[in-house]
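Read the structure below first, then the notes.
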Amino acid sequence: MKTFIILGVTLMALSACADSPPVPPPAPPKPAPAPPPQPKEPDHCGAEAAQKYVGRPRSEIPVPVQPNLQRVACTTCPVTMDFNERRLNFFYDAATGIVKEVKCG
């Protein structure tokens, strides 16, 4: 009986000294999902085709066939705030005369 008690105490002492199993490193955080693509605004005025004028002198802007559907203004010039999705706007730098932006509105 003493042998079993000594053996039991010895096994308990040895098991207390044993290394615990290694803890796996935490998993890296998952990257945030990409935001959904923003819907592209429809090009009602032809601004996409007119992007070729950005970076060019304003003298290269074609003369409009329908002046009420095209506007040329400097980036610091006052313009009316009425929105017309069919109107093509060319905005140029007043100091250099270089077209900076082409958009509908």
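Annotations for the structure displayed:
- Straight-line cross-link partners of LYS103 among the aspartates and glutamates, defined as a Cα under 13 Å from its Cα and at least 8 positions apart when in the same chain: GLU41, ASP43, GLU48, GLU85.
- Stokes-Einstein D in µm²/s, Kirkwood radius over Cα pairs - the range 58-105 at 10 °C with 1.306 mPa s viscosity: 144 µm²/s
- Label zone at THR75, where the point sits 7 Å out along the Cα-to-Cβ direction: the range 35-67 residues whose backbone N lies under 13 Å: 54-56
FYI, it's all coordinate maths here, none of it is from the lab. Bear in mind the structure is a predicted one, so any value in this text is a computation, not a measurement. Virtual Cβ from ideal backbone geometry, glycine too; neighbours counted across all protein chains shown.
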